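Each remark here refers to the structure printed beneath this line.
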Amino acid sequence: MTAVRILRLATGGDGVGRLEDGRTVFVPRTAPGDLVEITGLRAHRRYARARTSRLLEPSADRVEPPCPHYTDDECGGCQLQHLRADAQREARRGFVGDALRRIARIETPDPEIVPAAQEFGYRTKITLAVDEAGRRIGLHRLDRPDQIFELVRCQITASELMSLWGELRSLRDLFPTAVRQMVLRLDRDGGVHLVLGLAGTDSWNGAEALYRALAGRGSSLTIWVQHEGGEASAVAGAPGRLAATVFEQVHPAMGDKVRAFALASLGEVRGHHVWDLYAGIGETTSALTLAGATVESVESDPRAVAEAEARGPAAVRHVGRVERTLGRLRRPAMVVINPPRTGMDQRVSAELERQSPRRIVYISCDPATLARDLSRLPSFRLVTALAFDLFPQTAHVETVAVLDRAS
């Protein structure tokens, strides 16, 4: 028997312990203070990975996970359901602080974190995988991307979407045989969307039958089809204006708090020129324009830019990849950056160094890429960082970092 005491949580949510030979071992679904018996040890030169075979001494931070999929199916969608909410938040604070200190080489304490009002039922989007036979539809098991378990109910997803899923489960004979992915989404206006991702390019003429079957059970929605490599098209129901595949935050209430803090952190913008990079559907651009700034935004998704144009107000909006567009923009006084999880291209960092705005507000959904990008901005200093609990029950965290040009 090998027993390991869990010392802390690593970014990603795995517990961190020490083997007798001194190597670090990562054990998922553990808590700081746990004493666990491990199995399935996979040793590498400097570290190892293992699973828990038996919990010998539980941490005081442990709770019983409310979702049966978390334990029975080892669902990979959540990583921290076995921890108390306050312990989860402390862990996420630590993920950000550790990345800033270790990767960006910035000596700073763990940032404060703004808690979420909802710990469950907050997600307005869920992506379901479909096995090759089309009979098993659900989520992937932890660390087993080749295995799908049948989803009954996801506890962190909005009830409207889980009600739709409850109806869909009994109608799978009406699904296209080429379906490989299903996205259920709730938009800002309360509209419900089902996006069927199809392999190949063959057309599907069963959308109306599926729509009528769902409508007969009281479900009101729009059905979309998206073939491999193509755009999503509405094929049944009211299409609405916003394409169901355009990015929106999956926790809208917390996303609004993030944006409000980011905008307030810029200070007075009236009369100043501001860049809004990775602008999405233009909510930040709109707020900046209404506050009196002149704004240039950059967004690679033309559907998102079209939605921003339709919503207004008028602004200079560029469609394209940020790293290929910045050379055409007027020099800014301030910049708001909200990149995807992969962070900024190094060419963006280089251009920000060259343009030298007086303040940058960076909104990040990944502490490691945030820290990497800050290390590429040596002319700027970190003024403050604040974490936001956008994704309870998971190891993910949103961070707003405020940077000023070093004097």
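The values are calculated or read from the model by the stated rules, or taken from the named source; none is laboratory data. Predicted model only: the values in this text are computed from it and were never measured. All Cβ positions, glycine included, derive from the backbone under ideal geometry; neighbour counts span all protein chains shown.
Could you list all residues from region 220-236 that are part of a loop (DSSP other than H, G, I, E, B) and either surrounded by fewer than 19 Cβ atoms within 10 Å (Cβ to Cβ) or assigned by TED's automatic domain parsing to the domain that holds GLU296 (or both)? Once the filter is applied, which keeps residues that are part of a loop (DSSP other than H, G, I, E, B) and either surrounded by fewer than 19 Cβ atoms within 10 Å (Cβ to Cβ) or assigned by TED's automatic domain parsing to the domain that holds GLU296 (or both), region 220-236 yields SER220, GLU228, GLY229, GLY230, GLU231.
Just checking, which of THR289, THR222, THR284 is β-branched (Val, Ile, Thr) and in contact with a His (Cβ under 7 Å, 6 or more places away or on another chain)? After ruling out the rest, the residue left standing is THR222. When THR71, THR39, THR30, THR24 are checked against the criterion of being of a type in the set (Ser, Thr, Tyr), surrounded by fewer than 23 Cβ atoms within 10 Å (Cβ to Cβ) and under 30 Å from ALA116 (Cα atoms), a single residue qualifies: THR71.
LEU56 meets each of the listed conditions (1) surrounded by fewer than 18 Cβ atoms within 10 Å (Cβ to Cβ); (2) free of Cβ contacts under 8 Å to residues at least 60 places away in the same chain; (3) not in a strand (DSSP E or B) apart from (3).
Of the set (1) over 19 Å from TRP224 (Cα atoms); (2) at pLDDT below 95; (3) touching a Leu at 6+ places or on another chain (Cβ under 8 Å), all apply to VAL179 but (1). Once region 380-407 is narrowed to residues that are outside any strand (DSSP E or B) and touching a strand residue (DSSP E or B) at 6+ places or on another chain (Cβ under 6 Å), the residue that is farthest from GLY15 (Cα to Cα) is ALA406. Answer with yes or no whether SER286 is of a type in the set (Ser, Thr, Tyr), in contact with a strand residue (DSSP E or B) (Cβ under 6 Å, 6 or more places away or on another chain) and in contact (Cβ under 8 Å) with a residue 24 or more places away in the chain. When the stated conditions are applied, SER286 does not pass them.
Please enumerate the residues belonging to region 130-139 that are surrounded by fewer than 20 Cβ atoms within 10 Å (Cβ to Cβ), more than 19 Å from LEU214 (Cβ to Cβ) and either modelled with pLDDT of 95 or more or among the small types (Gly, Ala, Ser) (or both). Matches in region 130-139: ALA133 only.
Would you say VAL316 is within 21 Å of ASP256 (Cα to Cα) and without any contact (Cβ under 8 Å) to a residue 40 or more places away in the chain? Against the criterion (within 21 Å of ASP256 (Cα to Cα) and without any contact (Cβ under 8 Å) to a residue 40 or more places away in the chain), VAL316 does not qualify. Screening ASP301, ASP256, ASP276 for residues that are among the acidic types (Asp, Glu), within 19 Å of THR124 (Cβ to Cβ) and in contact with a strand residue (DSSP E or B) (Cβ under 9 Å, 6 or more places away or on another chain) leaves exactly one candidate, ASP301.
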